[in-house]
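Taking it in order: structure first as structure tokens, then the write-up.
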Amino acid sequence: MVNLRPASQQLCRFLKSFGATNSSFFDRRNISRAAVSTMDGDKFSLPSNYSAEPSVWVEYIQLALEHKPLNLGQGFPDYAPPSYVTEALSKVTTGDNVLLNQYTRGFGHPPLVNALGKLYSKLLNRQINPQTEVLVTAGAYEALFSTIVGHTKPGDEIIIIEPFFDCYEAMVRAAHGVPRFIPLKPKKTSGTIMSSDWVLDPDELKGLFNAKTKAIILNTPHNPIGKVFNLEELKLIAELCSKWNVMCIADEVYEWLVYEPFKHIRIASLPGMWERTITIGSAGKTFSVTGWKTGWAYGPAHLMKNLQAVHQNCVYTCCTPVQEAVARGFELEMERFDSPECYFHSISKELVSKRDYMAKFLSDVGMVPTIPEGGYFMIADWTALENKVRLNEETDKLKDYRFTKWMSKNVKLQGIPPSAFYSDPHKPLGESYVRYCFFKKDENLQKAAEILQKWKSSS
Ligand code: PMP
Ligand code: GLN
């Protein structure tokens with residue numbers, strides 16, 4: 001593998017990031033050097049509306065594989081999901097109805113769209129049509145993609161609140177849209193900081209809306225801050241959407257992960273908002289099975305038809321047995337919805353002590369955490385520990401990347417650099433922070449606390 005030209009070198013770097021070596025990958029596929037160079041050059045370069053840079057997930061999952069830190073980076077539980085959900089899946093695949101292993105309806109397996117229709121009809125207090133107003137997708141990712149691509153014309157402006165789940169910007173650019181960013185900023189930087197202390201400047205928000213604005217993406221509960229937008233904040237967004245005839249893409253994947261006394265408010269339930277909102281959810285978050293990669297979008301039929309148009313020619317239909325198992329999970333939870341056993345209520349009770357424990361052990365070593373009101377991530381300002389980190393051993397431009405990489409390799413604790421969740425000009429706003437996931441076994445959180453304590457007290 002010598003003398004590769006730039007595009008093929010880029011391809012090699014990308015594959016290497018998955019653990020593929022130059023020789024293993026190219027030898028296995030028997031691509032000769034001649035063939036590679038024929039395919040080189042501008043003709044086969046990546047279209048400019050995509051970025052070849054590995055995403056933070058691609059990069060940090062590889063980092064974890066190489067250095068084997070205690071991984072509090074990517075968000076997923078490291079212990080078993082509720083057994084009735086996993087048992088349902090094994091029963092579905094081996095049960096009498098063998099057809100549950102075959103293709104199902106493209107826009108969503110009937111039992112699942114019916115369950116979603118029933119649940120959200122109750123929660124939004126309106127009749128939702130499961131055939132035309134619900135779409136099952138390959139994770140919330142695909143729901144976001146089908147919504148953004150299905151609704152963005154070249155030049156349309158999409159407002160994105162920073163920090164943001166990183167794919168939003170990439171998807172808007174993929175659709176030739178123009179992202180317009182507005183950062184949440186902390187009202188205070190010392191004492192106990194709650195995620196509600198991170199706020200938008202209302203005038204800055206008003207100033208972003210104009211005749212070219214197509215949509216605003218709202219993520220509540222928020223990843224990575226944990227903010228649960230309150231009624232007043234949602235009303236302002238709703239008012240601006242109505243005034244400028246803008247749609248709202250509500251990413252509510254953490255809808256059941258809200259800590260008392262905070263309450264999740266669905267923006268689609270505000271007056272005048274159903275008609276202009278697509279709401280997105282995830283079975284991965286709802287039932288703690290992130291690997292199942294099943295999500296959904298719901299909203300009025302006139303907006304949903306554009307998502308269906310995108311979905312029908314790229315994914316067409318999602319995994320049938322997983323949809324059936326998720327539908328059974330919903331049926332059970334709907335039956336016990338008003339009881340404390342309902343997983344949608346018990347999950348945040350289970351997580352609140354983990355949240356508080358993490359806040360304490362991060363504070364104990366001198367970090368300044370923001371206490372999340374929702375979700376399962378916590379950001380913390382690490383800069384008080386800067387003199388303990390040899391940042392110059394890492395080559396990244398952004399300090400939080402250097403901090404998190406150095407920590408993964410040397411202290412064996414992995415977090416995610418929050419600057420990944422900002423637009424280029426605003427990345428410095430994330431540099432002082434690290435994001436950790438607290439949906440982990442108590443013993444692993446304890447290990448994390450010990451690792452940090454030991455490191456802090458080392459000379
Ligand atoms: N939105 C947010 C805010 C997320 O954190 C995630 C991560 N899971 C997703 C969407 C994507 O969810 P899924 O795994 O269902 O594709
Ligand atoms: N939503 C999860 C997180 O923020 C997973 C992200 C991903 O796998 N791309 O950690």
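The values are calculated or read from the model by the stated rules, or taken from the named source; none is laboratory data. All of these numbers come straight from a predicted model, not from anything done at the bench. Glycine gets a Cβ as well: all are built from the backbone with ideal geometry, and neighbour counts include every protein chain shown.
Here are the numbers:
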{"quantity": "Odd one out for Thr279, checked against (1) away from ligand 1 (no atom under 14 Å from the Cβ); (2) over 19 Å from Phe181 (Cα atoms)", "calculated": "(1)"}
{"quantity": "Filter pass, Pro300 being within 30 Å of Lys243 (Cβ to Cβ), in contact (Cβ under 8 Å) with a residue 60 or more places away in the chain and more than 16 Å from ligand 2 (Cβ to nearest atom)", "calculated": "yes"}
{"quantity": "Of residues in segment 125-146 being free of Cβ contacts under 8 Å to residues at least 40 places away in the same chain and either within 22 Å of Tyr103 (Cα to Cα) or charged (D, E, K, R) (or both), the one farthest from ligand 2 (Cβ to nearest atom)", "calculated": "Gln131"}
{"quantity": "Segment 206-221, residues that are among the β-branched types (Val, Ile, Thr) and either out of contact with any strand residue (DSSP E or B) (no Cβ under 9 Å at 6 or more places or on another chain) or surrounded by fewer than 22 Cβ atoms within 10 Å (Cβ to Cβ) (or both)", "calculated": "Thr213"}
{"quantity": "Thr395, sole failed condition from (1) under 17 Å from Tyr60 (Cβ atoms); (2) in a helix (DSSP H, G or I)", "calculated": "(2)"}
{"quantity": "Any pair with Cβ under 6 angstrom, 6 or more apart, that starts in segment 322-346 at a residue that is under 14 Å from Ser83 (Cβ atoms) and of a type in the set (Lys, Arg) and ends at one that is buried (at least 20 other Cβ atoms within 10 Å of the Cβ) and modelled with pLDDT of 95 or more", "calculated": "Arg328/Ala88"}
{"quantity": "Residue match in segment 280-295 (condition: more than 16 Å from ligand 2 (Cβ to nearest atom) and modelled with pLDDT of 95 or more)", "calculated": "no"}
{"quantity": "Test: residue in segment 417-434 that is hydrophobic (A, V, I, L, M, F, W, C), part of a loop (DSSP other than H, G, I, E, B) and surrounded by fewer than 23 Cβ atoms within 10 Å (Cβ to Cβ)", "calculated": "no"}
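Conditions (1) under 28 Å from Asn230 (Cβ atoms); (2) within 16 Å of ligand 1 (Cβ to nearest atom); (3) modelled with pLDDT under 95, marked per residue:
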site: Met367; (1), (2), (3): yes, no, no
site: Ile371; (1), (2), (3): yes, no, no
site: Asp396; (1), (2), (3): no, no, no
site: Phe403; (1), (2), (3): no, no, no
site: Trp406; (1), (2), (3): no, no, no
site: Phe421; (1), (2), (3): yes, yes, no
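Yes/no per residue for (1) assigned to a loop (DSSP other than H, G, I, E, B); (2) modelled with pLDDT of 95 or more; (3) buried (at least 20 other Cβ atoms within 10 Å of the Cβ); (4) within 16 Å of ligand 1 (Cβ to nearest atom):
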{"residue": "Gly73", "(1), (2), (3), (4)": "yes, yes, yes, yes"}
{"residue": "Tyr79", "(1), (2), (3), (4)": "yes, yes, no, no"}
{"residue": "Asn129", "(1), (2), (3), (4)": "yes, yes, no, no"}
{"residue": "Thr147", "(1), (2), (3), (4)": "no, yes, yes, yes"}
